[in-house]
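Okay, structure first, notes after.
The values are calculated or read from the model by the stated rules, or taken from the named source; none is laboratory data. Keep in mind it's a predicted model, so treat the numbers as computed, not measured. Cβ: placed from backbone, ideal geometry, glycine included. Neighbour counts: every protein chain shown.
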Amino acid sequence: MTQQLSAKPMSPLAEFWFYFSQNRGALAGLAFVVFIVLLAVFANFIAPHHPHEQFRDAILVPPVWAEGGMSQYWLGTDGVGRDILSRLIHGARLSLLIGLLIVTLSLIMGICLGLIAGYFGGFVDTAIMRFADILLSMPALLLAIAIVAILGPSIVNSSLALSLVYLPHYVRLTRASVLSEINKDYVVSSRVAGAGSLRLMFITILPNCLAPLIVQATLGFSNAILDMAALGFLGLGAQPPLPEWGSMLATAREFIQSAWWVVTFPGLIILLTVLAFNLMGDGLRDALDPKLKQ
Amino acid sequence: MTNDKKLLSVNNLSVTFGTGDNPFTAVDRISYDVDAGEVLGIVGESGSGKSVSSLALMGLIDFPGKVRADSLTFEHTNLIGLSENARRKITGDEIAMIFQDPMTSLNPSFTVGNQIMEAIEVHQGGSKKERRAKAIDLLQQVGIPAPESRIDSYPHQLSGGMSQRVMIAMAIACDPKLLIADEPTTALDVTIQAQIIELLLKLQREKNMGLILITHDLALVAEAADRVVVMYAGQIVETGPANEIFKAPRHPYTQALMNSLPESAEGHDRLKALPGVVPGALDRPQGCLLNPRCPYATDRCRVEEPGYYGPEGRQSKCFYPLDDNGRPTQ
């Protein structure tokens with residue numbers, strides 16, 4: 001008689017993975033992201049040389065497969081004889097860290113502001129949203145440059161600047177989701193049961209707004225890496241000799257004609273990382289958005 | 001009938017929306033009582049203020065809406081004038097509410113067990129194991145099969161009827177003294193409706209709760225309620241014991257409501273309908289609010305607003321209450 005009435009329902013994680021794995025691009029993106037993360041974590045063991053070490057007898061050595069390449073410098077060396085592969089591997093660390101920092105900062109601030117705006121409405125809502133509109137009305141990179149120029153060029157300052165630039169996207173997204181959730185009966189029923197404002201905002205409503213935010217954060221990650229590289233390229237981000245991908249590009253500018261590898265590899269890895277994050281973001285959106293599920 | 005059994009006493013409750021010259025009165029000076037262990041049915045067509053009055057009771061009317069009342073007494077405490085926090089403590093502990101659409105009234109991000117246990121935790125405490133056992137017991141009480149495995153389901157994995165049962169389980173989790181069911185069966189299909197109502201009434205009897213049943217289903221009220229309040233355009237037009245109201249309605253509106261039931265049209269070609277719609281903010285008539293639609297309206301009804309007539313507990317807001325044969329008295 002003790003017969004199980006129904007098969008155990010799919011756990012949310014299993015369901016998520018089922019939909020995510022349907023998307024090959026997303027799987028490829030995920031694989032590359034995992035690869036980059038592993039590189040970053042084990043950079044000290046993987047990189048053949050120290051990223052700052054200058055081999056004066058091996059300046060502008062081409063990659064190993066090209067004519068004149070040396071086997072100890074797989075991807076060649078740059079203008080002062082530093083191993084490009086090692087710098088790229090250590091750069092992954094920096095880029096991921098910066099991406100994570102920027103996304104986390106803007107996500108946390110954006111969620112708080114968006115929740116407050118959507119939940120309380122009225123004047124608070126107007127004030128926060130007009131502030132977001134003002135931020136949005138300026139070109140993102142220009143605004144970031146202006147902020148960095150005020151604070152002074154460094155990695156931390158440019159991360160702060162970029163988090164502020166990305167803030168409005170998260171505020172708007174959170175507010176929109178909150179507005180669509182706040183009038184649902186489950187929120188009212190929590191209020192009836194005696195839940196206070198903070199509980200309603202962060203425990204009742206927020207979890208139901210997370211899906212679009214996760215997608216936006218993944219896509220924002222790639223934007224953050226890209227814009228950080230742009231700031232680095234302009235000399236406003238990481239300062240030499242830090243092996244940041246954007247500033248590597250910037251110092252390699254003078255060799256565009258003579259030594260293609262110095263420019264190509266940092267550019268290529270930025271491209272691949274950004275692409276991987278975008279593909280993964282698309283897959284996440286497909287898996288998390290109930291409207292796209294069959 | 002001033003006795004200790006009186007659980008809730010609403011006295012001249014009004015809710016208005018909008019400001020300036022033309023505020024819209026959604027609920028207009030209504031008064032009613034609910035005794036412990038009593039089922040009170042509130043009926044009326046859409047827009048008659050049934051739901052708004054219960055939301056006002058729970059303090060859920062937000063800014064543009066204004067709530068006024070002479071008193072809202074729940075167990076000797078006047079809820080009007082209490083601070084938000086004090087009021088929340090009382091309503092959360094002693095009054096529970098069930099909503100119309102079960103599919104949106106459970107939080108989609110948490111398992112049903114989680115949500116029931118949360119309600120228990122806030123109001124009664126206890127270790128996690130005890131709370132889980134209690135939640136399973138509650139699910140059992142509301143008739144959910146295999147509660148041990150269902151407790152870990154998410155709301156989207158349940159049907160509408162099951163979700164409504166879970167809602168009921170959450171509502172009775174902290175043994176409320178008063179349960180407000182706002183059209184609890186409207187979103188469910190007919191076979192499930194009967195089961196849910198049966199369940200509600202069974203729990204109401206077992207726990208001796210007061211139950212306010214808000215609905216536009218007259219058959220349901222006739223079957224379930226002890227007393228009935230009929231609302232029209234935000235006002236109470238008739239109150240009385242359920243069997244008396246359905247046997248001999250005193251107010252023309254109640255009569256019209258009952259005539260518009262399909263059962264009463266048997267043998268006729270067309271259903272008898274009351275012409276017109278509930279007056280909105282801008283077309284409220286002078287005098288009795290029903291006069292443009294009332295078949296018995298006189299000149300007096302078009303000028304003067306009627307008061308309540310009839311004995312205590314069996315009143316109607318009409319100058320010419322209907323007699324037992326359904327004819328207006330002159």
The condition of being of a type outside the set (Lys, Arg) and more than 27 Å from residue A:180 (Cα to Cα) holds, among B:107, B:78, only for B:78
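For the stretch B:300-330, enumerate the residues that are among the basic types (Lys, Arg) and surrounded by 18 or more Cβ atoms within 10 Å (Cβ to Cβ).
B:317
Report whether or not residue B:106 is buried (at least 20 other Cβ atoms within 10 Å of the Cβ), in contact with a Phe, Trp or Tyr (Cβ under 7 Å, 6 or more places away or on another chain) and either in contact (Cβ under 8 Å) with a residue 24 or more places away in the chain or not assigned by TED's automatic domain parsing to the domain that holds residue B:172 (or both). I'd like the intermediate steps shown before the answer.
Working: buried (at least 20 other Cβ atoms within 10 Å of the Cβ): yes; in contact with a Phe, Trp or Tyr (Cβ under 7 Å, 6 or more places away or on another chain): yes; either in contact (Cβ under 8 Å) with a residue 24 or more places away in the chain or not assigned by TED's automatic domain parsing to the domain that holds residue B:172 (or both): yes.
When the stated conditions are applied, residue B:106 passes them.
Could you please find all residues in the stretch A:142-186 being of a type in the set (S, T, N, Q), part of a helix (DSSP H, G or I) and either more than 14 Å from chain B (Cβ to nearest Cβ) or touching a residue at least 24 places away in the same chain (Cβ under 8 Å) (or both)? Explain how you work it out, then say what you get.
First pass over the stretch A:142-186, keeping only residues of a type in the set (S, T, N, Q): A:154, A:157-159, A:163, A:174, A:177, A:180, A:183.
Those left that are additionally part of a helix (DSSP H, G or I): A:157-159, A:163, A:174, A:177, A:180.
Scanning the stretch A:142-186 gives A:157, A:158, A:159, A:163, A:174, A:177.
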| Does residue A:214 count as surrounded by fewer than 22 Cβ atoms within 10 Å (Cβ to Cβ), among the β-branched types (Val, Ile, Thr), free of Cβ contacts under 8 Å to residues at least 60 places away in the same chain and over 26 Å from residue A:50 (Cβ atoms)? | no
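Run down A:235, A:267 and say which single residue is in a loop (DSSP other than H, G, I, E, B) and surrounded by fewer than 21 Cβ atoms within 10 Å (Cβ to Cβ).
On the way: A:267 fails: in a loop (DSSP other than H, G, I, E, B).
Within the list A:235, A:267, the selection yields A:235.
It is to be established whether one or more residues within the stretch B:231-243 are over 22 Å from residue B:10 (Cβ atoms) and either in contact with a strand residue (DSSP E or B) (Cβ under 8 Å, 6 or more places away or on another chain) or part of a helix (DSSP H, G or I) (or both). I'd like the intermediate steps shown before the answer.
Of all residues in the stretch B:231-243, those over 22 Å from residue B:10 (Cβ atoms) come to B:243.
Add one more test, that the residue is either in contact with a strand residue (DSSP E or B) (Cβ under 8 Å, 6 or more places away or on another chain) or part of a helix (DSSP H, G or I) (or both), and what stays is B:243.
Within the stretch B:231-243 (the criterion being over 22 Å from residue B:10 (Cβ atoms) and either in contact with a strand residue (DSSP E or B) (Cβ under 8 Å, 6 or more places away or on another chain) or part of a helix (DSSP H, G or I) (or both)), the answer is yes, since at least one residue qualifies.
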Residues of the stretch B:3-24 being modelled with pLDDT of 85 or more and surrounded by 18 or more Cβ atoms within 10 Å (Cβ to Cβ), in sequence order, are B:7, B:8, B:9, B:10, B:13, B:14, B:15, B:16
Restricted to the stretch A:178-187 and to residues being of a type in the set (A, V, I, L, M) and surrounded by 20 or more Cβ atoms within 10 Å (Cβ to Cβ), the residue nearest to the chain's Cα centre (by Cα) is A:178
Residue pairs within 7 Å by beta carbon, gap of at least six or interchain, first lying in the stretch B:32-59 and within 14 Å of chain A (Cβ to nearest Cβ), second at pLDDT 85 or above and part of a helix (DSSP H, G or I), listed first then second, are none
Taking residue B:87, is it part of a helix (DSSP H, G or I), more than 11 Å from chain A (Cβ to nearest Cβ) and free of Cβ contacts under 8 Å to residues at least 60 places away in the same chain?
no
Within the stretch B:133-154, of all residues that are on the phi < 0 side of the Ramachandran plot and in a loop (DSSP other than H, G, I, E, B), the one farthest from the other protein chains (Cβ to nearest Cβ) is B:142
Those residues of the stretch B:61-84 that are in a strand (DSSP E or B) and either outside the structural domain of residue B:208 (by TED's automatic domain parsing) or crowded, with 18+ Cβ neighbours inside 10 Å (or both) come to a total of 5
Across (1) out of contact with any helix residue (DSSP H, G or I) (no Cβ under 8 Å at 6 or more places or on another chain); (2) at pLDDT 85 or above, residue B:275 clears everything bar (2)
Of (1) touching a helix residue (DSSP H, G or I) at 6+ places or on another chain (Cβ under 6 Å); (2) more than 9 Å from every other protein chain (Cβ to nearest Cβ); (3) not aliphatic (A, V, I, L, M), residue B:66 satisfies every one except (1)
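Please find, within the stretch B:160-175, the residue that is nearest to the other protein chains (Cβ to nearest Cβ) out of those that are in a loop (DSSP other than H, G, I, E, B) and surrounded by fewer than 21 Cβ atoms within 10 Å (Cβ to Cβ). Break it down stepwise before answering.
Within the stretch B:160-175, the subset in a loop (DSSP other than H, G, I, E, B) is B:173-175.
Next, from what is left, pick out any that are surrounded by fewer than 21 Cβ atoms within 10 Å (Cβ to Cβ): B:174-175.
Details: B:174: 8, B:175: 13 Å.
Checked the stretch B:160-175; the qualifying residue nearest to the other protein chains (Cβ to nearest Cβ) is B:174.
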Reported set for the stretch A:187-198 where residues are farther than 17 Å from residue B:99 by Cα and either at pLDDT 85 or above or more than 14 Å from every other protein chain (Cβ to nearest Cβ) (or both) is A:197, A:198
Among B:224, B:297, the single one that is among the small types (Gly, Ala, Ser), surrounded by fewer than 24 Cβ atoms within 10 Å (Cβ to Cβ) and under 23 Å from residue B:97 (Cβ atoms) is B:224
Per the filter on the stretch A:240-262, residues in contact (Cβ under 8 Å) with a residue 12 or more places away in the chain and closer than 16 Å to residue A:92 by Cα are A:241, A:242, A:243, A:244, A:245, A:246, A:247, A:248, A:249
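Listed here are the residues, each with its yes/no results for (1) within 14 Å of chain B (Cβ to nearest Cβ); (2) of a type outside the set (Gly, Ala, Ser); (3) within 17 Å of residue A:99 (Cα to Cα).
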site: A:204; (1), (2), (3): yes, yes, no
site: A:214; (1), (2), (3): yes, yes, yes
site: A:237; (1), (2), (3): no, no, yes
site: A:242; (1), (2), (3): no, yes, yes
site: A:250; (1), (2), (3): no, no, no
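Considering only the stretch A:1-101, give the helices (runs of 4 or more DSSP H) lying wholly within it that have at least 3 residues that are at negative phi and in contact with a Leu (Cβ under 9 Å, 6 or more places away or on another chain).
Values: elements: A:12-20, A:24-41, A:43-46.
Ranges flagged: A:12-20, A:24-41.
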With criteria (1) over 22 Å from residue B:326 (Cα atoms); (2) surrounded by 13 or more Cβ atoms within 10 Å (Cβ to Cβ); (3) outside the structural domain of residue B:183 (by TED's automatic domain parsing), residue B:213 comes up short on (3)
